[in-house]
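To start, the structure under review is shown below, and the notes come after it.
The values are calculated or read from the model by the stated rules, or taken from the named source; none is laboratory data. Since we're looking at a predicted model, the values are computed, not measured. Every residue, glycine as well, gets a Cβ built from its backbone with ideal geometry; the counts of neighbours run over all protein chains shown.
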Amino acid sequence: MSDCFINGIASISAQPTTDPDMFLEELISYHENIFRCHDPNYKDYIKPAAMRRMSKSVKMGVTTASMALKDSGVEIPDAIITGTGMGCKQDSEKFLENILHNDEQFLTPTLFIQSTHNTVGGQVALGLGCKAYNVTYVQGAASFETSVMDAQLMLSEESGKNILVGGIDEIAKNSTLLHKLDGQIKEEDIDIITLLDSNTSGTVASEGATFMVLGAKTDKSLANIIDVETISEATPDEIKADIEKFLLRQGLSVDDIDAVVLGNNGDIKYDNYYKNLQSSIFSNIEQLCYKHLIGDYYVASSFGFWLACKIFATNQIPSVLKVNDVTAKNHNNVLLYNQYLGKNHSIALLQRC
Amino acid sequence: MAELREELKEKLIEQLSLEDVEVSEIGDDDPLFGDGLGLDSIDALELIVLLEKDYGIKLKDPKEGKAIFESIGVMADYISKHRTK
């Protein structure tokens, strides 16, 4: 793969993560299994006239895109690529409710326009006046990684481009409730800090957005994305073999990895994918988890990219992330692994610049 | 008529998500588009639906909206003359 540097990144999550000078020093505790993100003051980033029609995911996406661009020093990107598992669910639900309540008549345009998966990518482009390549990937829990892979391919053809890549997903009243009914969300409310030891099925649901600017190395580069791979379905042992092959392709072995960022979400039915790795090939590597802080959503793995960048930038690991007793001397190679319901596995290797 | 004007102002704020606007800030003769309230073409479509849904007025030619939606006062006049509910 050609060089694919992260030159700016921003994330909105259930924790206060938008202050560039903070790295999980202040944490919010949640005692429920569906919780919203910690909102920044969106008016600082979006004009009131534009914001009045925006749903949560659009506000989160436009704001993090703006922050990431500012962080990178790029004004207008050469491409905008977004990933989302469910798109703009809130406005989709309102539009469908209007269809039902008004007997399929009197449908207004705003909710329809704002209810598609690519609404966020479109709104970011409209706000910037950017008419460049604009694509949205909807690939379940691998939506964000698929967007990154598209950006990598684009950079391999033309390395001088600056590409805005983001992941966004929001909570919505009815569709999130459906995830509770089908067992994806825990039945019992829990203190989320105890999520990883909950020993019950299901996880906790939240929302968030992460955007980053990818391109050639600059003096603002935070990390190099060495490679990203997605696997649709695999057994825990197949994933173990896939990770070793993935590293081998980079000329590395597991011993070269300083820390692994894992997507454990407290679901007893599927966390064995992570535990199988934690007790074997990763047993001597520093292990970090984050979904007991931000909950789970289809692009939650994008938060792992933000974590890796913060680790490289600050040389610090907040203790709340650590799930084993191993501490790396240096953090040069950070491996990310995530899956959801045993599907949409993603592996990414980030390297310090 | 004054009651209808107030009702329209409230509906405009709610339907068009004018979060930072108060009823008292909208003058009866203030232009709704352009330099006035700053509404745009999507809002015009929302207003056409509002006329039909709440007052039973179906605009046959959407271009009629340009004159009808000039201000709250003009809108209220038109509605009071043409409403079917």
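Numerical summary
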item	result
Test for A:ILE113: is it within 14 Å of chain B (Cβ to nearest Cβ) and under 29 Å from A:ASN174 (Cβ atoms)	yes
Checklist (1) in a loop (DSSP other than H, G, I, E, B); (2) more than 13 Å from chain B (Cβ to nearest Cβ) applied to A:ASP103, failing item	(2)
Selection from the stretch A:186-220 of residues that are in contact with a His (Cβ under 7 Å, 6 or more places away or on another chain) and not in a helix (DSSP H, G or I)	A:ASP189, A:ASP191, A:ALA205
Complete set of residues in the stretch A:1-40 that are under 14 Å from A:SER66 (Cα atoms) and touching a helix residue (DSSP H, G or I) at 6+ places or on another chain (Cβ under 9 Å)	A:ASN7, A:GLY8, A:ILE9, A:ALA10, A:SER11, A:ILE12, A:THR18, A:PRO20, A:PRO40
Residue satisfying condition, being within 13 Å of chain A (Cβ to nearest Cβ) and either surrounded by fewer than 16 Cβ atoms within 10 Å (Cβ to Cβ) or closer than 17 Å to B:GLU70 by Cβ (or both), within set B:GLU3, B:GLU14	B:GLU14
Only one of A:GLY183, A:GLY122, A:GLY127 that is more than 17 Å from A:SER57 (Cβ to Cβ) and not aliphatic (A, V, I, L, M)	A:GLY183
Residue, surrounded by the fewest Cβ atoms within 10 Å (Cβ to Cβ), within the stretch B:23-35, restricted to residues that are in a loop (DSSP other than H, G, I, E, B) and touching a residue at least 24 places away in the same chain (Cβ under 8 Å)	B:ASP29
Pairs, first modelled with pLDDT of 95 or more in the stretch A:288-302, second of a type in the set (Asp, Glu) and not in a helix (DSSP H, G or I), C-beta under 9 Å, six or more apart	A:GLY295/A:GLU207; A:ASP296/A:ASP267; A:TYR297/A:ASP169; A:TYR297/A:GLU170; A:TYR297/A:GLU207; A:TYR298/A:ASP169; A:VAL299/A:ASP169; A:ALA300/A:ASP169
Hits in the stretch B:36-78 - residues which are within 14 Å of chain A (Cβ to nearest Cβ), under 19 Å from B:GLU7 (Cβ atoms), outside any helix (DSSP H, G or I) and touching a Phe, Trp or Tyr at 6+ places or on another chain (Cβ under 9 Å)	B:LEU39, B:ILE57
Total residues in the stretch A:222-240, condition in contact with a helix residue (DSSP H, G or I) (Cβ under 9 Å, 6 or more places away or on another chain) and farther than 28 Å from A:ASP39 by Cβ	13
Checklist (1) in a loop (DSSP other than H, G, I, E, B); (2) over 27 Å from A:LEU214 (Cβ atoms); (3) among the polar types (S, T, N, Q) applied to A:ASN276, failing item	(1)
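Residue by residue, here is whether (1) buried (at least 19 other Cβ atoms within 10 Å of the Cβ); (2) among the polar types (S, T, N, Q); (3) in contact with a helix residue (DSSP H, G or I) (Cβ under 6 Å, 6 or more places away or on another chain) holds:
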position	(1), (2), (3)
A:CYS309	yes, no, no
A:ALA313	no, no, no
A:ASP325	no, no, no
A:LEU336	yes, no, yes
A:TYR340	yes, no, yes
A:ILE347	yes, no, yes
A:LEU350	yes, no, yes
